[in-house]
Each structure stands twice: as C-alpha cells, then as structure tokens.
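**Student:** Mind having a look at this structure? Questions to follow.
The values are calculated or read from the model by the stated rules, or taken from the named source; none is laboratory data. None of the values given here were measured: they were computed from a predicted structure. With ideal geometry, Cβ positions are generated from the backbone for all residues, glycine too; neighbour counts draw on all protein chains shown.
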Amino acid sequence: MSEELWKALAATPVDELERRAVIAGELADVPARKVGSATRYAWNDGGGQSAVWYFVPDGRVLLLTFDHETALNLYAEGDYALQESLYDGVPEDLVRLVRDRPENYESLNLKDEETGATIHYAGGVFWYDGEQWRPADGLMAHCERSGLDMYEESGFGFCLQDCLLGREFTPEAVVEHRAAECVYGDDDDRQKDLADVREIFARR
C-alpha cells in the first residue's frame, strides 16, 4: 500500500500537493507558517503522528513524516547523530529549514550535546527536486542497514492518509474517509462536518 502511495505522490502535480497539504492542515487545525522563504504546512492526529511539508519558491519540497510507534522514532532514543544522518542527500538549504529552529508540536528538536546544534526529528525524510520525488539517501541507507521497511517504519502511509493521494479530493471524499475512521457519532455530526469541510475547500 505504501509503495502505491509513493507512486500516487509522484504522479500528483506539486501545486495540487500543496493544495491538499493546505487543506489537510486546516482540517487538523494546524496553521500554515513561513520558515525562511518556505511555507510550512503540517498535519497531526493529536496522538504522536505527523506530516510536515515545506514548499519553497523554486518548486522544491521537503516532506517529513513521523510515527511514534515505529523503529524510526529516533526522538525516543535521543540519537542526534543518527537523526542528522537521515537527512543525508537532501540539499543543505532544505535541511536548514529544520536545523536550529524552534520546536513545535509536529517537530520536536534533537540536540547535539557537544555543539548545541538542534535538528527537527523525523522518521521519514523525502524531498522533491522540482522534477521527481526522492527518499533521502541517509534514510534509505539506514533502513537498508537495519532491515527496515522505509515506507512502513517512517509512517509514510498513515501520515499522508488525509491528503487522499491517488484519490478524488473533494469535501465529500474527505468526509467519507473520516466516516470510515468512525469520526462521527451520527448523521447530524457528519452533515455538520461536511458543511465545515466545504467552507475550507471553498477558500482553496
């Protein structure tokens, strides 16, 4: 399933990805913010899983995912050096978006005790170079060494589910997805949410 989602990510135009990231963030009540020249959009489920997107003006994108219940939860181990290495292969100007920055709900910091440097934790590190999506070289190398399934352990599939990649992205589709997750107590709740979701879509 996660490999299919990767193909769906690669097939989605970056403008449409940004629209979906914006809406998923608003539905999760996470405001967009500027980080340097980039715009950051984020989603979290309130239980330790998150997806964070950084869209930069030249068309590149940095995507971070995190599932606290997987082997790629390096925050739990406090392993700064290993977390830093997962970003290997990502252009330095993109990594600067998460290095020595204030932490937040979706992205806590891991700290190098010797230098005081910090970097946002992430189980999955992926980036778009303007033409194609790539997993970070460091992430792939670590997963190969450790025998980990990169897609599953990074939380890639779970953390991007609200973007409905490879599927129709409409208010009705979003509410249907939420209903499958047992979000609603009754049909009145579902209809009220549909009205709220339609308002968000209308702005985007």
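**Student:** Would you mind stating whether T65 is of a type in the set (S, T, Y), farther than 22 Å from A141 by Cβ and modelled with pLDDT of 95 or more? Spell out the reasoning first.
**Tutor:** Values: of a type in the set (S, T, Y): yes; farther than 22 Å from A141 by Cβ: no; modelled with pLDDT of 95 or more: yes.
Answer is no for this residue.
**Student:** Can you say whether E69 is in a loop (DSSP other than H, G, I, E, B) and either within 23 Å of E18 (Cβ to Cβ) or touching a helix residue (DSSP H, G or I) at 6+ places or on another chain (Cβ under 8 Å) (or both), as far as the supplied structure shows?
**Tutor:** In short, no.
**Student:** Taking L94 as the residue in question, decide whether it is in contact (Cβ under 8 Å) with a residue 24 or more places away in the chain and part of a helix (DSSP H, G or I). Full working, then the answer.
**Tutor:** Details: in contact (Cβ under 8 Å) with a residue 24 or more places away in the chain: yes; part of a helix (DSSP H, G or I): yes.
Yes.
**Student:** State the number of residues belonging to the stretch 106-129 that are within 13 Å of the chain's Cα centre (by Cα) and either surrounded by fewer than 14 Cβ atoms within 10 Å (Cβ to Cβ) or without any contact (Cβ under 8 Å) to a residue 12 or more places away in the chain (or both).
**Tutor:** Here the count works out to 0.
**Student:** If I filter the stretch 41-52 for residues that are in a loop (DSSP other than H, G, I, E, B), outside the structural domain of R178 (by TED's automatic domain parsing) and either modelled with pLDDT of 95 or more or in contact with a helix residue (DSSP H, G or I) (Cβ under 6 Å, 6 or more places away or on another chain) (or both), do I get at least one hit? Give the derivation first.
**Tutor:** So in the stretch 41-52, the residues in a loop (DSSP other than H, G, I, E, B) come out as 45-48.
Keeping just the survivors that are outside the structural domain of R178 (by TED's automatic domain parsing) gives 45-48.
Add one more test, that the residue is either modelled with pLDDT of 95 or more or in contact with a helix residue (DSSP H, G or I) (Cβ under 6 Å, 6 or more places away or on another chain) (or both), and what stays is none.
For the stretch 41-52, residues in a loop (DSSP other than H, G, I, E, B), outside the structural domain of R178 (by TED's automatic domain parsing) and either modelled with pLDDT of 95 or more or in contact with a helix residue (DSSP H, G or I) (Cβ under 6 Å, 6 or more places away or on another chain) (or both): absent.
**Student:** For the stretch 29-40, enumerate the residues that are crowded, with 18+ Cβ neighbours inside 10 Å and outside any strand (DSSP E or B). Write out each step before concluding.
**Tutor:** Just the residues of the stretch 29-40 that are crowded, with 18+ Cβ neighbours inside 10 Å, to begin with: 30, 38, 40.
Scanning the stretch 29-40 gives a single hit, V30.
**Student:** Looking only at the stretch 59-103, count how many residues are farther than 27 Å from G130 by Cα and under 14 Å from the mean Cα position of the chain (by Cα).
**Tutor:** Residues flagged as farther than 27 Å from G130 by Cα and under 14 Å from the mean Cα position of the chain (by Cα) within the stretch 59-103 amount to 1.
**Student:** Right, D162: without any contact (Cβ under 8 Å) to a residue 40 or more places away in the chain and either acidic (D, E) or over 16 Å from A21 (Cβ atoms) (or both) or not?
**Tutor:** no
**Student:** Any residue in the stretch 67-81 that's farther than 20 Å from A42 by Cβ: show its pairings with residues that are exposed (fewer than 13 other Cβ atoms within 10 Å of the Cβ) and aromatic (F, W, Y) at Cβ separation under 6 Å, as long as the two are six or more apart or on different chains.
**Tutor:** Note: no pairs meet the criteria.
**Student:** Here is a further query. Working carefully through the options G147, G123, G130, find the one that is among the small types (G, A, S) and more than 14 Å from L62 (Cα to Cα).
**Tutor:** Details: G123 fails: more than 14 Å from L62 (Cα to Cα); G130 fails: more than 14 Å from L62 (Cα to Cα).
Selected residue: G147, the only one of G147, G123, G130 that is among the small types (G, A, S) and more than 14 Å from L62 (Cα to Cα).
**Student:** While we're looking at this one, here's another question. From the residues in the stretch 148-162 that are among the hydrophobic types (A, V, I, L, M, F, W, C) and more than 23 Å from A28 (Cα to Cα), which one is surrounded by the most Cβ atoms within 10 Å (Cβ to Cβ)?
**Tutor:** Keep residues of the stretch 148-162 that are among the hydrophobic types (A, V, I, L, M, F, W, C), which gives 148, 150, 156, 158-160.
Applying the additional criterion that residues be more than 23 Å from A28 (Cα to Cα) yields 148, 150.
Working: L148: 17, M150: 21.
The qualifying residue surrounded by the most Cβ atoms within 10 Å (Cβ to Cβ) is M150.
**Student:** Would you point out which residue out of R145, R178, R190, R204 is surrounded by fewer than 12 Cβ atoms within 10 Å (Cβ to Cβ) and in contact with a helix residue (DSSP H, G or I) (Cβ under 8 Å, 6 or more places away or on another chain)? Step through it out loud before you land on a result.
**Tutor:** Working: R145 fails: in contact with a helix residue (DSSP H, G or I) (Cβ under 8 Å, 6 or more places away or on another chain); R178 fails: surrounded by fewer than 12 Cβ atoms within 10 Å (Cβ to Cβ); R190 fails: surrounded by fewer than 12 Cβ atoms within 10 Å (Cβ to Cβ).
Step by step, each of R145, R178, R190, R204 is checked, and only R204 is surrounded by fewer than 12 Cβ atoms within 10 Å (Cβ to Cβ) and in contact with a helix residue (DSSP H, G or I) (Cβ under 8 Å, 6 or more places away or on another chain).
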